[in-house]
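Below you'll find the structure, written out as structure tokens, and then a few comments.
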Amino acid sequence: GAGVSQSPSNKVTEKGKDVELRCDPISGHTALYWYRQSLGQGLEFLIYFQGNSAPDKSGLPSDRFSAERTGGSVSTLTIQRTQQEDSAVYLCASSLNRLENTGELFFGEGSRLTVL
Amino acid sequence: QKEVEQNSGPLSVPEGAIASLNCTYSDRGSQSFFWYRQYSGKSPELIMSIYSNGDKEDGRFTAQLNKASQYVSLLIRDSQPSDSATYLCAVNMRYGGSQGNLIFGKGTKLSVKP
């Protein structure tokens with residue numbers, strides 16, 4: 001498809017387990033963002049990739065969270081030793097990120113993580 | 001601390017009325033401002049962008065920006081029940097000459113009553 005693709009759409013895991021969430025951005029989009037949204041809350045910024053530049057990791061809540069983007073395309077968000085407070089919808093978005101349309105993000109459908 | 005503030009609502013307006021949604025931001029150097037709409041259980045979608053002071057109109061939607069006051073708003077004219085959603089204000093927080101990242105407010109929930 002032409003949109004941002006995320007997998008899995010739903011993930012239920014036990015506390016202490018590691019999880020990996022995948023994002024496949026729109027082809028040609030150089031910017032990729034991960035956000036987290038808890039029930040009834042706004043979007044919490046996690047990490048931002050722009051081309052080959054070092055990612056902006058300033059939003060990652062702890063060292064249990066990490067993300068990588070291979071070949072400037074697919075990204076994986078990894079959460080180690082999951083905790084119940086990690087339960088949320090993890091949203092990925094991509095953007096052309098040219099100066100004239102910075103911030104025009106296209107979101108995937110999200111990965112809903114439930115930690116029991 | 002770079003912040004974007006919105007009234008969480010809910011904001012309830014009758015069908016056909018004007019809905020006014022407001023947002024303030026902390027970073028005076030911000031250059032790009034966006035309104036996203038998020039229906040319940042769905043992902044956000046972009047509805048308006050604004051980069052210059054003043055008003056920008058697109059159909060029933062008008063975005064207003066006042067950089068001196070660090071304030072951006074969204075007006076929805078002739079509100080329809082289908083406009084009922086959470087509206088997220090987003091600001092591109094530039095720093096160090098980079099593009100910066102997009103910071104979202106917590107959103108205002110709008111309910112349009114038939």
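Of note:
- Flag if A:TYR90 is closer than 15 Å to B:LEU102 by Cβ and hydroxyl-bearing (Ser, Thr, Tyr): no
- Scanning region A:86-101 for residues that are touching a residue at least 24 places away in the same chain (Cβ under 8 Å) and either charged (D, E, K, R) or closer than 29 Å to A:ALA2 by Cβ (or both) turns up A:ASP86, A:ALA88, A:VAL89, A:TYR90, A:LEU91, A:CYS92, A:ALA93, A:SER94, A:SER95, A:LEU96, A:ASN97.
- Residues that are part of a loop (DSSP other than H, G, I, E, B) and open to solvent by less than 80 Å² (accessible area, probe 1.4 Å) within region B:4-14 comprise B:SER8, B:GLY9, listed in sequence order.
- Listed conditions (1) within 28 Å of A:SER53 (Cβ to Cβ); (2) within 9 Å of another protein chain (Cβ to nearest Cβ) are all met by B:CYS89, apart from (2).
- Qualifying residue in region A:90-101 (condition: open to solvent by less than 50 Å² (accessible area, probe 1.4 Å), more than 10 Å from chain B (Cβ to nearest Cβ) and over 24 Å from A:GLU14 (Cα atoms)): yes
- All positions within region B:1-27 that are closer than 24 Å to A:LEU39 by Cα, in contact with a Lys or Arg (Cβ under 7 Å, 6 or more places away or on another chain) and either free of Cβ contacts under 8 Å to residues at least 24 places away in the same chain or polar (S, T, N, Q) (or both): B:GLN6, B:SER8, B:SER12
- Test: residue in region A:60-71 that is in contact (Cβ under 8 Å) with a residue 24 or more places away in the chain and within 14 Å of another protein chain (Cβ to nearest Cβ): yes
- Tabulated pairs, region B:28-50, first more than 10 Å from every other protein chain (Cβ to nearest Cβ), second exposed (fewer than 13 other Cβ atoms within 10 Å of the Cβ) and of a type outside the set (Phe, Trp, Tyr), C-beta under 7 angstrom, 6+ apart or interchain: B:MET48/B:ASP58
- Answer residue from region A:1-48, given it is part of a strand (DSSP E or B) and of a type in the set (Ser, Thr, Tyr) and is farthest from A:GLN80 (Cα to Cα) among those: A:SER5
- A:PHE45 meets all of the listed conditions (1) under 15 Å from the mean Cα position of the chain (by Cα); (2) open to solvent by 70 Å² or more (accessible area, probe 1.4 Å) but one, namely (2).
- Residue selected from region B:48-82 under the condition of a type in the set (S, T, N, Q) and within 23 Å of A:PHE106 (Cβ to Cβ), by the criterion most open to solvent (accessible area, probe 1.4 Å): B:SER82
For (1) touching an Asp or Glu at 6+ places or on another chain (Cβ under 6 Å); (2) facing chain B (nearest Cβ under 10 Å); (3) open to solvent by less than 20 Å² (accessible area, probe 1.4 Å), each residue gets a yes or a no:
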| site | (1), (2), (3) |
| --- | --- |
| A:LYS15 | no, no, no |
| A:CYS23 | no, no, yes |
| A:LEU32 | no, no, yes |
| A:LEU39 | no, no, no |
| A:ASP56 | no, yes, no |
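- All positions within region B:15-30 that are in contact with a Ser or Thr (Cβ under 9 Å, 6 or more places away or on another chain) and open to solvent by 80 Å² or more (accessible area, probe 1.4 Å): B:GLU15, B:ILE18
The values are calculated or read from the model by the stated rules, or taken from the named source; none is laboratory data. Note that the coordinates shown come from a computational prediction; the quantities given were computed from them, not determined experimentally. Here the Cβ is made from the backbone with ideal geometry for all residues, glycine too, and neighbour counts use every protein chain on show. Only protein heavy atoms, including side chains, enter the accessible area calculation; ligands, DNA and RNA are left aside. Shrake-Rupley method; radii C 1.70, N 1.55, O 1.52, S 1.80 Å.
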